[in-house]
Each structure stands twice: as C-alpha cells, then as structure tokens.
Amino acid sequence: MALPASDTFTGSFGAALSANWTTDSGSVLLNGSNQATGQTGGHSFARWTGDVFPADHYAECNAYLAAFQASGPTVRADSTGGGQGYVLQSYDDGGGPAMYLQKFSGGGSTFTLISSLAAGASGDLLRIEASGSGLTAKNAGSTVGTATDSTFAAGGAGFNVYIAASVDNFSAGSLGGGGAVATVSQLMTMGAG
Amino acid sequence: MAVRFYLMPKVATVGGSITTNKPAHLAELGNLWSGMDFGQEPVYLIRADVTPAQHTALTAFSDVIAFPADLTTTLGGAAAVTAAKTKLEALKIPADWVTTTTTTRELLRAVARFIAVNQRLDGLSRKSVFEGAITPETTVAQLTAAQRTALAGALVSFGLDTSAVAGVTTLRQILKTAAASIVDASLDAAI
C-alpha cells in the first residue's frame, strides 16, 4: 500500500474491517451501509496499519453519531496501553452535539481535553492534522481550531467510535514537508542554567 | 473579545469507566480555548479568546494565574517579578530566570516549553519530571535509573543532545536548557 490511505468501508453487514486495519481497543465491524460501526459499550479505536505514517500526517472521515455516542478521526495513534494518540471527536452527551480535540490513552479509558470547538452535526467530514507540535481541526474543509501539544510525536492514523457510532469515507496521509518543530542540533550546555 | 493566557488547575472527572482531564474552570472559558496540560502534573496552560466578563470571572478564582493580554509588556517591577516567581515555582515551573525585563511572551514561551518536555515524558513513559518527591532541585544522580532513562528519552525525542548532563545536574538546569533549545514554530505562532 501507499499513502494516502482510504477506505469507504464497503462490505456486508457484520463484516470485519480490511486487513489494513488494526483495532487497538474495542470492536469495529461494517454495518452494511458503507460505514464502520462500534460494537461495544465503550470506545473502540481502529488504526490503519497497512502503511507507515510519517510524524506529520492527517486523518479524516465522516463522523456519524446519535445521542450518547462519539466518533472522529485519530492521528499519531499507536497500541501503547491499549491505544493512545490524538482524536478530533464529535460528541453528544444527550444534551446536544459538541466537538473536542483531545488526547486519549488506555484505549479510551482516559481523555485529556486540548480544545473545545464549535459543535458540528452527525455526518460532518472531520479532519485532524498533526504537524510538529501543532494540531489543526477541520470540519468540511474549514479550520475550526488549532492547538499545540507535544505528548505524542509519532504514530498512525485511524478513527474512534464510541458505543454504536459510525464513520465513513476514511482517508489519511502525509502532510508533506517538514514539521513545525525543527530538529535541534545544538548541544545542551548545562552550565547555562 | 481578547486572547489571553491563564494557568489553572487540571481536574479529572470520572464517568463510568472513562476519566476525562479538563481545565478546572471550563464553564468560564467558553468554547474558544485551547490548552496544554502539564503532562501528569495537575496544571493547564490555557489560551482563550474571552470577553471582559469571562476574564473577570476567571480572575476571581484564586487558583487561576492570568497573564496580560499585551504579551509585549514586561512583568514590571521587583514585586511583580517576585510574585510571578512564587506562583510559578509553586507549580514546579522553573522561574528563577525571570527578571523585570522579561516580557509576558518570553515567560509564556518558556513555560510552554517546560510543559512540552513533561508532556513528551508522559507520552513516552507515563511519567512526570516531578513524580513523587522530585523537585526542580533534584539532581540527575538522585533519580532512579528508570527515571533517568525516561527523561533522557523525552529530551532526545526533541532532538536534544544530553551528553553534557551529569549526575550533579539539577532538573531545573535541564528544563531551562531544554526550554532554551527547543525550536517550535507552532508554539511560537500561538504565543
């Protein structure tokens, strides 16, 4: 395979994700309507492992959800501790939609808010970009938020679904060029303290 | 509306089997904010576009440190510098380098880099620079082998050369040197 990666999740109801995917936590199956859907009572994180991603990459997908569900694309994700990385998550706690840029760890047992963003709607095309320490959140091509975080420097792209939320039209790839964080070559001179 | 920076506590809420870490005063921040949590330390550096009313509400909290909206301003006189040092050091953020000519932007960019190091340590090893009884005055020799390895890993991941670090080097020295060495265009664009 070669980047960019893409998947329209075409397949029969109950079919597994293709061999390009690794599910780091939870369970995800196709729902027969060209979507990938969560199959547990908690968070499921799936990661595209058919390609190796450079440090600076993006992921996007349509995020579908109902009340008490969440979904969205992930970047710099890996399998550590059951799954960790960054997620742009459309979320509905039963009181209406919300959107958050977050870190996740422990396979979705822990989240740390990085930014609260203007709420979207079910089915929105969400995109998250990681470049150096910079994170950019987009909805339908428009930037809806930016932030900086240095927790995760590498990993791959994927998606998150909470309970029975779904995603569709996944794509991910390199952002190209150098990251926002330049490599530092200067020697640390400890006497400068 | 004005973009302002705040330091405030990080709190954890538990819903079922999910823990969510968030700024302590989320309601007052509104929706136009982004934040860097201090790794495993209970602190957030917040960048928020707030109304005067929101700013007033946030500064009413005794656990919020608010910075001037004009980042080019210096901290002011000796009393202001002492106050800033005291508040930052209480959060384990090295501040002995701050002077009366330090601008708010210089201060915030350094703080963000201290935070970045601890974030990376968290991401790589689920540790904090200041775990347990460790303070900025703790030396490298006083760390466990696992703590030294984890810290070195975080520093190297930023492209830093740690060969000059010795057993007598304090964490304060390491963090200050790292903050001075890390090149981060995204951070500098945000602050």
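The values are calculated or read from the model by the stated rules, or taken from the named source; none is laboratory data. Model, not experiment: these values are computed from the prediction. Cβ placement follows ideal geometry from the backbone for every residue including glycine, while neighbour counts extend to all protein chains displayed.
On the stretch given as the stretch B:44-69, residues that are more than 17 Å from B:Val111 (Cβ to Cβ) and out of contact with any Leu (no Cβ under 6 Å at 6 or more places or on another chain) total 13.
Assessment of the stretch B:53-66 against the conditions (assigned to a strand (DSSP E or B) and hydroxyl-bearing (Ser, Thr, Tyr)) yields no matching residue. Within the stretch B:154-179, the residues that satisfy the criterion of being without any contact (Cβ under 8 Å) to a residue 60 or more places away in the chain, part of a helix (DSSP H, G or I) and either at the interface with chain A (Cβ under 7 Å from one of its Cβ atoms) or in contact with a helix residue (DSSP H, G or I) (Cβ under 9 Å, 6 or more places away or on another chain) (or both) are B:Ala154, B:Leu155, B:Ser157, B:Leu171, B:Gln173, B:Ile174, B:Thr177. Residue count for the stretch A:110-134 satisfying the condition of being facing another protein chain (nearest Cβ under 9 Å) and without any contact (Cβ under 8 Å) to a residue 60 or more places away in the chain: 12. The residues on offer are A:Gly107, A:Gly72, and the sole one that is touching a Ser or Thr at 6+ places or on another chain (Cβ under 6 Å), under 26 Å from A:Leu175 (Cα atoms) and either among the basic types (Lys, Arg) or away from chain B (no Cβ under 13 Å) (or both) is A:Gly72. The set of residues in the stretch A:99-145 that are touching a Leu at 6+ places or on another chain (Cβ under 7 Å) and polar (S, T, N, Q) comprises A:Gln102, A:Ser115, A:Ser122, A:Ser131, A:Ser133, A:Asn139.
Which one is nearest to the other protein chains (Cβ to nearest Cβ), of the residues in the stretch B:126-146 that are surrounded by fewer than 17 Cβ atoms within 10 Å (Cβ to Cβ) and part of a helix (DSSP H, G or I)? For the stretch B:126-146, the residue satisfying everything is B:Ala141. A:Val181 meets all of the listed conditions (1) modelled with pLDDT under 95; (2) in contact with a Ser or Thr (Cβ under 6 Å, 6 or more places away or on another chain); (3) more than 9 Å from chain B (Cβ to nearest Cβ) but one, namely (3).
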